[in-house]
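Report on one structure; see the data block that follows.
The values are calculated or read from the model by the stated rules, or taken from the named source; none is laboratory data. Treat the numbers as computed from the prediction; the structure is a model and nothing was measured. Reconstructed Cβ throughout: ideal geometry from the backbone, glycine too, with neighbour counts over all protein chains shown.
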Ligand SMILES: Cc1ncc(COP(=O)(O)O)c(C=O)c1O
């Protein structure tokens, strides 16, 4: 008789025949068969054909409650009718004018209205481009070379951010990254203000510090508002720019992002994901005196050399209209609050299952996110310990790479739920009570299967 886990695997194989065929075929065309590292999945990923609201359907017709949410860009769910209509109408009017257009202005005005730090806005193609541009601006503005980053915080995949996230935590260069680049990044332990203060006291070549303001990986390694306030204070004292990477938190934790919620004004903010309503797009927003380094005339007047920035798809009309429609809904409804309430119910439900199954796992998180800590050493850690950010981030990250996580995701998929590999998920404003119930039930069935197999 098949064991529980191999039964789950067998079920996965049985349910996803077409996905498996496509995954095998993809090996000949795409490195590793995938187009984004986070989509790597063993034995093979599922192929999605369509999505609506909180759900998506794979190539074999299986339905999933989706907590990947377009990598977090879909606060309003898949194929939101208003966004879909606005984009369709725009497609008929053209996707690229190679010229200025009113939509980019309206989009920027919405960002200015919602994000407290947005004195001026420059659109980019992605979040990665936004952090890259912010680093260049910070270096040009201050005349200093080094950027401070917090270990495990993700800021996209460009060279200045491609180490000290999932590996190379000692700051050494990951393959393809020049040592001259890593030499100009100072990696700091997350959440340790004293160490950060020391860094600034001992080095006067730091241009800026960048942070995911609710913590690394959607708050998986949480950062407290107190830490952010201290960071603002210390950076101001040392004349170091504070960069909030609100690619995830922007328009999610509140319409004004983390800065609006916590009342902290960074010098520059990086945005993407929800900003563009599920289409490609990013932006930096920030202080006029810094952003003017992108302004040809202002630089001319000030006798400064402008910094270079291009990008074929910056503020393209399709992304702009999707972004405008999304941000208007975010501004005028309680979409952020609904998504956060839903995640709170999921955290509560999953923790109830964990208690019933007498496991040492913990589900924690803030706002519209939930994180599952598999606690491999069965430590007496509480949800509050994890939420406080005081628990060792290395343990959290090591647990995320444990074999139990892969099995958990297979089990959840077999029971019709797709979660992120952190492991965890992010909710939207359109997830329903039925979705929450199905998720909790899928979790219980999966844990029982894993227990039965002797994996827990
Ligand atoms: C916090 C954060 N910053 C930057 C990025 C990079 O954004 P993009 O994938 O649009 O390049 C991401 C992407 O997930 C992110 O989570």
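Restricting attention to the stretch 396-411 and to residues that are free of Cβ contacts under 8 Å to residues at least 40 places away in the same chain and under 20 Å from the mean Cα position of the chain (by Cα), the residue that is surrounded by the fewest Cβ atoms within 10 Å (Cβ to Cβ) turns out to be 401. Candidates in the stretch 376-392 are the residues that are touching a strand residue (DSSP E or B) at 6+ places or on another chain (Cβ under 6 Å) and modelled with pLDDT of 95 or more; of these, the one that is nearest to residue 443 (Cα to Cα) is 383. On the given criteria, is residue 19 over 28 Å from residue 343 (Cα atoms), at pLDDT 95 or above, surrounded by 20 or more Cβ atoms within 10 Å (Cβ to Cβ) and touching a strand residue (DSSP E or B) at 6+ places or on another chain (Cβ under 8 Å)? Yes. Does residue 134 satisfy the criteria of being touching a residue at least 40 places away in the same chain (Cβ under 8 Å), touching a strand residue (DSSP E or B) at 6+ places or on another chain (Cβ under 6 Å) and within 12 Å of the ligand (Cβ to nearest atom)? Against the criterion (touching a residue at least 40 places away in the same chain (Cβ under 8 Å), touching a strand residue (DSSP E or B) at 6+ places or on another chain (Cβ under 6 Å) and within 12 Å of the ligand (Cβ to nearest atom)), residue 134 qualifies.
Do we find a residue being assigned to a loop (DSSP other than H, G, I, E, B) and surrounded by 20 or more Cβ atoms within 10 Å (Cβ to Cβ) anywhere in the stretch 103-115? Yes: the stretch 103-115 contains one or more residues that are assigned to a loop (DSSP other than H, G, I, E, B) and surrounded by 20 or more Cβ atoms within 10 Å (Cβ to Cβ).
Being without any contact (Cβ under 8 Å) to a residue 40 or more places away in the chain and either more than 24 Å from the chain's Cα centre (by Cα) or not assigned by TED's automatic domain parsing to the domain that holds residue 165 (or both) is the filter here, so list the residues in the stretch 187-234 that pass it. Within the stretch 187-234, 194, 195, 197, 198, 201, 202, 233 qualify. Does residue 244 satisfy being buried (at least 19 other Cβ atoms within 10 Å of the Cβ) and more than 16 Å from the ligand (Cβ to nearest atom)? No, not satisfied. If the condition is being buried (at least 20 other Cβ atoms within 10 Å of the Cβ) and outside any helix (DSSP H, G or I), then the stretch 339-365 contributes 361, 362, 363, 364, 365.
Among residues belonging to the stretch 155-186 that are in a helix (DSSP H, G or I) and in contact (Cβ under 8 Å) with a residue 24 or more places away in the chain, point out the one that is farthest from the ligand (Cβ to nearest atom).
Of everything passing the filter in the stretch 155-186, 160 is farthest from the ligand (Cβ to nearest atom).
Looking only at the stretch 205-241, residues that are in a helix (DSSP H, G or I) and within 14 Å of the ligand (Cβ to nearest atom) come to 4 in all.
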